[in-house]
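Asker: Can you read through this structure? Questions will come right after.
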């Protein structure tokens, strides 16, 4: 196919640093493409939790395979190809488990039969909900190779050539599959087909993410041996002080900042922290609650860890030096 889609200049610089062993240079690439990779996996597997695992594995594989990336396609198409390979493997494993336990998918030749009646009044709220459900089920009933084409072409907006690069198939096959996939949808959905592209985003990540929103609280303490500026440690954290003093050996603890926030699985929320820092919290899972916590100072991640916690059981994370002590981050999910 030739170098028709050269690597983005910023991506190329980061890739070169990664090849030299700079792991920190991979973080901006993850940040840039994380949501698109997760959305691609989520639309393919229709399971947000498994999609997050696929996204994680795809980035790990991408890091390991970077020495073999020649820049003959855009980095994101190369990354999408890895993602689709991982997602396809997961789908096969899930199908095998389904056959073993008697929960396999409806056979393709019977997929039209699982659709609800098409006679729906578009201005009726209940009917609109039914229509959305029909579209969701229609997309799920598509064979995986057809659903992948719809996702890449109509949702992600990739060109025929880019789709061919991602799926490693001829461009003529891309055009043929996309035509057939749309035809199958049209046979079932009829006039509703015009709603598919607008609702695909809502049906997969957006609706699911809305149900997978995690609320949390975060508190930043300063631990030191001398009285420090800040507020007194709140009552809900006082029970932690004996353990902190025993573990960290600092005598004094003061509250510097306190935050409450919420974020959908796969998205992040940031808060300003003393010392020109940013506290970034990203839910990776809602059940159980799993949060990635990063403390950033410029482009440097001074803290980068994943915690699993429950309401009433805060996680305590040791941070970098600040002033005459060190920062302590206490994170807890909210009910």
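The values are calculated or read from the model by the stated rules, or taken from the named source; none is laboratory data. Everything numeric in this text was worked out from a predicted model, so none of it was measured. Every residue, glycine among them, receives a Cβ derived from its backbone with ideal geometry; neighbour counts consider all protein chains shown.
Asker: Being free of Cβ contacts under 8 Å to residues at least 24 places away in the same chain and either buried (at least 22 other Cβ atoms within 10 Å of the Cβ) or in a helix (DSSP H, G or I) (or both) narrows it down to one of 137, 161, so name that one.
Answerer: Just a single option satisfies the conditions, and that option is 137.
Asker: Okay, next question. Just for region 4-49: of the residues that are assigned to a loop (DSSP other than H, G, I, E, B) and closer than 30 Å to residue 140 by Cα, which one is modelled with the highest pLDDT?
Answerer: Here is the first cut: in region 4-49, the residues assigned to a loop (DSSP other than H, G, I, E, B) are 4-8, 20-22, 46-47.
When the remaining residues are screened for being closer than 30 Å to residue 140 by Cα, the result is 46-47.
On the way: 46: 75, 47: 78.
By that ranking, first place goes to 47.
Asker: Here's another thing I want to ask about it. From the list 258, 251, exactly one residue is farther than 18 Å from residue 215 by Cβ and at pLDDT 80 or above. Which is it?
Answerer: 251
Asker: Here is a further query. From the list 61, 17, 34, 39, which residue is touching a residue at least 40 places away in the same chain (Cβ under 8 Å), in contact with a helix residue (DSSP H, G or I) (Cβ under 6 Å, 6 or more places away or on another chain) and not assigned by TED's automatic domain parsing to the domain that holds residue 300?
Answerer: Going through 61, 17, 34, 39 in turn, just one is touching a residue at least 40 places away in the same chain (Cβ under 8 Å), in contact with a helix residue (DSSP H, G or I) (Cβ under 6 Å, 6 or more places away or on another chain) and not assigned by TED's automatic domain parsing to the domain that holds residue 300: 39.
Asker: Residues 237, 244, 279: which one is in a strand (DSSP E or B), touching a strand residue (DSSP E or B) at 6+ places or on another chain (Cβ under 8 Å) and either surrounded by 16 or more Cβ atoms within 10 Å (Cβ to Cβ) or not assigned by TED's automatic domain parsing to the domain that holds residue 41 (or both)?
Answerer: From the options 237, 244, 279, the qualifying one is 279.
Asker: In region 325-335, what residues are surrounded by fewer than 19 Cβ atoms within 10 Å (Cβ to Cβ) and modelled with pLDDT of 85 or more?
Answerer: Answer for region 325-335, where residues must be surrounded by fewer than 19 Cβ atoms within 10 Å (Cβ to Cβ) and modelled with pLDDT of 85 or more: just 326.
Asker: Related question: Here are some conditions: (1) closer than 28 Å to residue 235 by Cβ; (2) under 18 Å from the mean Cα position of the chain (by Cα). Residue 304 meets all but one. Which one does it not meet?
Answerer: Failed condition: (1).
Asker: Could you list, in sequence order, all residues of region 251-276 that are closer than 19 Å to residue 323 by Cα and surrounded by 19 or more Cβ atoms within 10 Å (Cβ to Cβ)?
Answerer: Residues satisfying the conditions are 253, 256, 273.
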